[in-house]
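Read the structure below first, then the notes.
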Amino acid sequence: MHIFKDVEPLKSFLKDKRLKGNTIGLVPTMGALHDGHLALLRSSKQQNSVTVCSIYINPTQFNNASDLEKYPRTLDSDISLLENASCDVLFCPDNHTMYEEKSIVQFDFGYLDKVMEGSFRPGHFSGVALVVSKLFNIVLPDNAYFGQKDWQQYTIIRQLVKELKFGFNLHAVTTTRESDGLALSSRNKRLEGAQRQKAIVFYEGLITAKALLIDREPLSEVKATVKRIVEKHPETRLEYIELVDSQNLKGIYNVDEADQPILCIAGYVDEVRLIDNMFL
Ligand code: PAF
């Protein structure tokens, strides 16, 4: 695997690959890699002749300093995982490379970044849009891969790619789950002992909400049931559960109001914040 920390050597390496007729797949990550990331890599490897994984913990998307500080950093084991997965290129820049000077550019996605994650994490999606735009411009991919677990992020990046005419294909890859249903997430590495078992409440909440909504239970009662499920442990707390149209993130009250409704959930196990979602 070729490892690049700087932009120009990576760009000239990829330019050469492109001139030789290769297609390039990009898998942007913040490291602490797990099987969910490997699923993104597998999709990229199936559809492109060169796969670039980026690992960069992007400070501008953290609205909480302690979340940034405690974000798991596991570069050595990430490199082994990527090598075993036959990733072709790793781009792992430092802060100076990505933000030579303090950034003043802000993105506003209107409704898309005001709801759910956007309302609890102000500025988060602006930071995500900024860093992925930089990565898109550096790598110039033919395809880029993101996890379905961050559906709101995927929706916002889809808007960004469309409006700014980046001109490549964007792919959402199905969420990978543990055998008990917990969605894989880098933040799961922060769950210790009994916290890990308790984190399953978000998946239980989604499964129950889906069944109740299909049975025509009113949304307000479904939300109250999910709150009871999630908050059955003193350590677990529901931040939100929303039923939205997956295409525009507008809230809906029942499953017939959208072609592809999605339930999105967020909450805490002690101070570890987790999100998940489920299509209906
Ligand atoms: O989903 C993530 O890991 C991050 O938000 C991303 C897309 C790599 C941008 O930093």
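The values are calculated or read from the model by the stated rules, or taken from the named source; none is laboratory data. In this text, all values refer to a predicted model and were calculated from it rather than measured experimentally. In this analysis, Cβ positions are derived from the backbone assuming ideal geometry, glycine residues included, and neighbour counts consider all displayed protein chains. Remember, those area values only see protein heavy atoms, side chains included, never the ligands or the DNA or RNA. Shrake-Rupley method; radii C 1.70, N 1.55, O 1.52, S 1.80 Å.
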For a Förster distance of 30 Å, can you work out the FRET efficiency between the beta-carbons of D270 and E8, rounded to the nearest 0.05?
0.10
Between the stretch 87-162 and the stretch 1-62, how many Å separate their Cα centres?
15
Across the stretch 180-239, what fraction of all alpha-carbon pairs, as a whole percent, falls in each successive 5 Å bin from zero upward?
4, 19, 26, 23, 15, 9, 4, 1
What are the residues whose amide H is under 5 Å from the amide H of S54, where those residues sit 5 or more places off or on another chain and H is modelled from the backbone?
V27, T29, F91
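Rolling a 1.4 angstrom probe over the protein heavy atoms, how many square angstrom per residue are accessible across the stretch 232-280? Present the calculation step by step, with values, prior to reporting the outcome.
Values: 2140 Å² over 49 residues.
Using a 1.4 Å probe on heavy atoms only, each residue of the stretch 232-280 averages 44 Å².
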Go through the stretch 63-69 residue by residue and turn each phi into a ³J(HN,Hα) via Karplus (6.51, -1.76, 1.60, θ = phi - 60°); whole Hz please, and just put x for glycine and proline.
8, 10, 4, 6, 5, 5, 5
5 Å is the cut-off here: which amide hydrogens, built 1.01 Å from N in the peptide plane, fall below it relative to N169, excluding neighbours closer than 5 in sequence?
N143, A144
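If we count every other residue with Cβ under 14 angstrom of F13's Cβ, Lys/Arg +1 and Asp/Glu -1, where does the sum land? Don't skip to the answer; put the middle values down first.
On the way: positive: K5, K11, K15, K17, R18, K20; negative: D6, E8, D16, D88.
So the environment of F13 carries a net charge of +2.
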Between E83 and D256, 0.36 nm times their residue separation minus their Cα-Cα distance comes to what?
57.8 nm
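Starting from the Cα gyration tensor of the stretch 49-180, take the square roots of the eigenvalues, sort them a ≥ b ≥ c, and report rounded, prolate or oblate (rounded when a/c is under 1.5, otherwise prolate if a/b is larger than b/c, else oblate). Write down the numbers at each step before the final one.
On the way: a/c = 1.27, a/b = 1.22, b/c = 1.04.
Verdict is rounded for the stretch 49-180.
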Once both label points are put 7 Å beyond Cα along the C-beta direction, the E100-E69 separation in nm becomes 3.1
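Once you list every other residue whose beta carbon is under 13 Å from the beta carbon of R177, what net charge do they have if Lys and Arg are +1 and Asp and Glu are -1? Present the calculation step by step, with values, prior to reporting the outcome.
Values: positive: K149; negative: D35, E178, D180, E204, D276.
Once positives and negatives cancel, what remains is -4.
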What are the residues whose amide H is under 5 Å from the amide H of T236, where those residues sit 5 or more places off or on another chain and H is modelled from the backbone?
D270
Counting helices only, and only those DSSP H runs with n ≥ 4, report the 222 nm mean residue ellipticity of the chain as the sum of -39,500 (n - 2.57) divided by its residues, in deg cm²/dmol to the nearest 500.
-11500 deg cm²/dmol
Output ³J(HN,Hα) for the stretch 187-199: one whole-Hz value per residue in order, computed from phi by the Karplus curve 6.51 cos²θ - 1.76 cosθ + 1.60 with θ = phi - 60°, and x for Gly and Pro.
5, 4, 5, 7, 7, 10, x, 5, 4, 4, 5, 6, 5
Between the Cα axis of helix 219-230 and the main Cα principal axis of the chain, the angle (0 to 90°, nearest 10) is 80
Please give me the summed charge of the neighbours of G205: other residues whose Cβ is under 13 Å from its Cβ, Lys and Arg +1, Asp and Glu -1.
+2
Explain nothing, just compute: Karplus ³J(HN,Hα) = 6.51 cos²θ - 1.76 cosθ + 1.60, θ = phi - 60°, for every residue of the stretch 159-175 in order, whole Hz, x for Gly and Pro.
5, 4, 5, 5, 5, 8, 6, 5, x, 10, 8, 10, 10, 9, 9, 3, 5
